[in-house]
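Asker: Provided herewith is a single structure, encoded as structure tokens, for subsequent inquiry.
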């Protein structure tokens, strides 16, 4: 059995949840000895370019062939096409929906068609509806086609635009700070969602990441019978996570937490809801924290904080060793107020057995209980007290860690998710 795996951004270094999920699925293909080629798209709109390290990383996998298409450079026709269509949408002040011509880059489509005509596949595994629809629209694909939506794209765009409409007024040192936003484009949500459902009907199987989005897809009669849930896989080796069972009956409150650093991590991509959430946290929460608390920001979102100078803030940028990153912190914060699908950063943090303090939106799509599995901050003002509560209670940290790992083992273990994937891809 052989498949073509299609992805529209660099897989390395990890910049966000989409890359992590895609690598999970590549791991699955390799575990089942399914041969695969990769059709990778370089610089699709605002995504970074594949660099030498990224290409070396993917070539060290069990991949047969890599077809890398560079979308944006100084002279390609796709660049000219993209600029022209982008200017048109800017002129009419309209955000492009799923069916927009802005996604249908001619050279990209031509190269994809050449690849599938010159190679034989049992199925093609697509990611993201906007680029996948552009690739398969109006062509004959000689095999089954499956798609992982990652998110309902129209919902995601609407969330981001709602966020951009906010006049972000935030308190800092007793003064009002205003973050000005550019003019927000118009977006026909209903039309985009209808186009998205129509696009998804082209695929033989449609995969989603959350039960909530699965239910939305099943409202469409033609999608109901071919939509499936594949949860985020915990890719952490539980054998590498310290086992606290030996100290379960020991009162560790006797350990004095007052005099040691308490490190909190925010790890995310350069995505509007991430930027909004950690910016709110920076101005509204850090000034209220105990001086022993240190905030560590990692991932693409770090680029927005590179020039921030605060004694309790450490900005790491992109990191290569995710295990080492999580091992170095006491807990994870997720101050997210907008977004759709499942918060992959929450699943990842729980997989490492880290206590999580999050807004409800930050753990969306997950069946978690406040004070048992995670600590829930209803709004930004709840974070300081919850952080202090956690900092002063090693027993609470240990309990949250234990239940986090139990939740992951039940809902997101590799064995259970792989079993679901077998029923989809091998049946």
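Throughout, read-outs are computed from the coordinates displayed, never taken from laboratory work. Computed from a predicted structure; not experimentally measured. So basically every Cβ, Gly included, is an ideal-geometry build from the backbone, and we count neighbours across all protein chains shown.
Asker: Length gain on complete extension for the stretch residue 186 to residue 306, per 0.36 nm per residue less the alpha carbon to alpha carbon distance?
Answerer: Full-extension gain reported as 40.1 nm.
Asker: Can you compute the FRET efficiency between residue 215 and residue 378 using 1/(1 + (r/R0)^6), with r the Cβ-Cβ distance and R0 = 22 Å? Round to the nearest 0.05.
Answerer: 0.35
Asker: While we're on this one: If each residue's Cβ is checked for other Cβ atoms within 10 Å, how do 414, 183, 345, 406 rank with the fewest at the top?
Answerer: With the sparsest Cβ surroundings first, the list reads 183, 406, 414, 345.
Asker: Given the peptides 99-108, 418-427, 377-386, arrange them by the average over their residues of other C-beta atoms within 10 Å, most packed first.
Answerer: 99-108, 377-386, 418-427
Asker: If you don't mind, there's one more thing I want to ask. To the nearest 10 degrees, how steeply does helix 106-118 sit against the main Cα axis of the chain, on a 0 to 90 scale?
Answerer: 70
Asker: Taking neighbour Cβ counts within 10 Å as the exposure measure, how do 352, 28 sort from fewest upward?
Answerer: 28, 352
Asker: Just to confirm the number: angle between the C-alpha axis of helix 272-284 and the first principal axis of the chain, 0 to 90 degrees, nearest 10?
Answerer: Helix 272-284 and the main axis of the chain meet at about 20 degrees.
Asker: Need the full-extension length gain, residue 389 to residue 32, defined as separation in residues times 0.36 nm minus the C-alpha distance. One decimal, nm.
Answerer: Gain on extension, residue 389 to residue 32, equals 124.0 nm.
Asker: OK, next. What is segment 262-413's relative contact order, in percent, from Cα pairs under 8 angstrom and six or more apart in sequence?
Answerer: 23
Asker: When 1/r is averaged over all different Cα pairs and the result inverted, which Kirkwood radius in Å belongs to segment 2-230?
Answerer: 19.1
Asker: Using alpha-carbon pairs under 8 Å, 6+ residues apart, how would you state the relative contact order of segment 56-153 in percent?
Answerer: In percent, rounded to a whole number, it is 23.
Asker: What nm value, rounded to one decimal, do you get for the distance between residue 119 and residue 65 when each label is placed 7 Å out toward the C-beta?
Answerer: Roughly 0.5 nm, to one decimal.
Asker: Going by average Cβ density within 10 Å per residue, which order do the peptides 33-40, 18-25 take, highest to lowest?
Answerer: Result, highest mean Cβ count within 10 Å first: 18-25, 33-40.
Asker: By how many degrees, between 0 and 90 and to the nearest 10, does the Cα long axis of helix 153-164 differ from the longest principal axis of the chain?
Answerer: Long axis of 153-164 versus the principal axis of the chain: about 50 degrees.
Asker: Any idea what the relative contact order of the chain is, in percent, if you count C-alpha pairs under 8 Å spaced at least 6 apart?
Answerer: Relative contact order for the chain comes out at 14 percent.
Asker: Using only DSSP helix segments of four residues or longer, with each worth -39500 (n - 2.57), what per-residue ellipticity at 222 nm results for the chain after dividing by its residue count and rounding to 500?
Answerer: Rounded to the nearest 500, the figure is -11500 deg cm²/dmol.
Asker: Now, a different point. So what does log10 I(q)/I(0) come out to for the chain at q = 0.09, 0.10, 0.14 Å⁻¹, using the Debye formula with one equal point on every Cα and no solvent?
Answerer: -0.60, -0.74, -1.40
Asker: Here's a follow-up. Most exposed first by the Cβ proxy, i.e. fewest other Cβ within 10 Å, how do 216, 278 rank?
Answerer: Ranked by crowding around the Cβ, least crowded first: 216, 278.
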